Amino acid sequence: MKYAFTLLALTAVHTVSAQKAQCQNIGDIKPVEDPLKLFAPGKATFPCNMGAPVPLGKVPTGCAKFEIIVARGTTEPGDLGMIVGDPLVARVKRDMPGVAVRGYPVQYPAGTSGSATGVSDIQKRLEQQSKECPDEKFALAGYSQGGMVVTSATKKLSPALQAKVLAVVLYGAGEGKNVAEPLLKKTLANCAPGDFACPNSGSGPGHVSYNNEGTKWHDRSSEYVVAAFTDKPVGQKLARNPTASL
C-alpha cells in the first residue's frame with residue numbers, strides 16, 4: 001500500500017512539473033472565494049513544492065445531519081481541497097437546502113508519506129461522531145492519493161460504521177473496484193480522460209481537470225450523494241465522460 005501511495009505522489013509531481021509557470025508556494029495560495037466556480041482549463045494554481053505536506057484543515061465540532069469526510073489529493077491546497085473537496089461539498093450544500101451539511105478534512109499530511117494516518121483518522125472520525133451524534137450520516141470522498149486513503153479506510157470499518165456511510169465518491173483513484181463491500185455498491189468512481197491514475201484513461205492533464213469549466217464531475221457527484229441521502233441510491237457507478245448525465 002505504501003508503494004502505491006508513493007508512486008501516485010511521484011507521478012503527480014511529474015504531472016504538475018509542466019505547469020510551473022503558474023505554480024506558487026503552498027503557503028501563498030489563497031482560498032477560492034467561490035467554491036462553486038469552475039477553473040478555466042489549465043488555469044488552476046498548483047503548489048511548486050508538490051509532494052510537501054499541507055496544513056491540516058480545521059476540524060468541525062458538534063453534530064451535523066450529514067458530514068462529507070474528504071481526503072485531499074497530494075499537496076492539494078484549500079480547506080478541503082481546491083480541485084475536489086471544496087467544490088464538491090459546496091454543491092452538496094447547494095443541492096440539500098435546509099439540511100445541516102458540512103465537510104470534514106481528513107487529518108493527514110497529504111504529502112509523499114502519511115497515508116496510513118489518513119486511513120486511521122477516517123476510522124476514528126466515524127467512530128467518534130457515531131458515538132456522540134448517533135443520527136449523523138456520512139459520505140466519504142477522496143481525490144488522487146486521498147481516494148486511495150478512502151478506499152483503504154473502507155476495509156477497516158465495522159459493519160455498524162459501514163452502515164452509516166451512504167456514499168463513497170472517488171476522483172482520479174482508479175475504478176473503485178477495491179472499495180470494500182458493502183460500500184462498493186455505494187461508490188461512484190470518477191475517471192477523467194487522460195487521468196494517469198485510472199486504467200484505460202490514457203495520458204494527459206486529466207488528473208487535474210475535475211474542476212474545469214464545461215465539466216459536470218462535481219454536479220454529478222453531488223447528485224449521486226444527494227440521491228443516497230434521500231433513500232434513492234443509484235448503485236455502483238464508473239464515470240468517464242466529463243459531461244454525461246449520471
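No value in this document is a laboratory result; all are computed from the given coordinates. Since the model is a prediction, treat every value here as computed from it, not as a measurement. Because the Cβ atoms are built from the backbone with ideal geometry, glycine has one as well, and the counts that use them run over all protein chains shown.
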Lys124-Lys65 FRET efficiency (beta carbon distance; Förster radius 22 Å; 0.05 resolution): 0.60
Among the listed pairs Lys93/Lys186; Lys131/Lys177; Lys65/Lys232; Lys37/Lys131; Lys37/Lys156; Lys131/Lys155, those beyond 27 Å (Cα-Cα): Lys131/Lys177; Lys37/Lys131; Lys37/Lys156
Within the chain: Cβ-based charge dipole about Cα centre, in debye rounded to nearest 20 (Lys, Arg +1; Asp, Glu -1): 320 debye
Reduced Cα scattering model of region 147-202, Debye log10 I(q)/I(0), q = 0.19, 0.24, 0.28, 0.30 Å⁻¹: -0.60, -0.86, -1.07, -1.19
Order by protection proxy (mean Cβ within 10 Å, highest first), peptides 151-161, 64-74: 64-74, 151-161
Cα centroid separation - region 167-233 against region 75-142, whole Å: 16 Å
Dipole of the chain, positive direction: furthest Cα of Val99, Cys133, Thr112, with charges on the beta-carbon: Cys133
Exposure proxy order (Cβ contacts within 10 Å, fewest to most) of Thr215, Thr61, Thr230: Thr61, Thr230, Thr215
Gain upon complete extension [Lys155, Lys185; 0.36 nm per residue less C-alpha separation]: 9.4 nm
Dipole of the chain, positive end: most advanced residue of Leu246, Val70, Gln162 [Cβ charges, Cα centre]: Gln162
Choice from Pro55, Pro182, Pro205 showing the highest fluctuation, given a GNM over the chain with Cα pairs closer than 10 Å: Pro182
Chain lengthening between Arg102 and Val234 when straightened (0.36 nm per residue, less Cα-Cα): 45.3 nm
C-alpha long axis of helix 85-95 to longest principal axis of the chain, angle in °: 50 degrees
Degrees separating the helix 145-154 axis from the principal Cα axis of the chain, which is the longest one: 20 degrees
Inter-label distance for Leu246 and Lys58, nm, one decimal - labels placed 7 Å from Cα along Cα-to-Cβ: 2.9 nm
Cα-based helix-to-principal-axis angle, 217-229 vs the chain, degrees rounded to 10: 10 degrees
Options [x] 18.6; [y] 17.5; [z] 21.8 - which one matches Kirkwood radius over Cα pairs in Å as calculated here: [y]
Inter-label distance for Gln162 and Thr117, nm, one decimal - labels placed 7 Å from Cα along Cα-to-Cβ: 2.9 nm
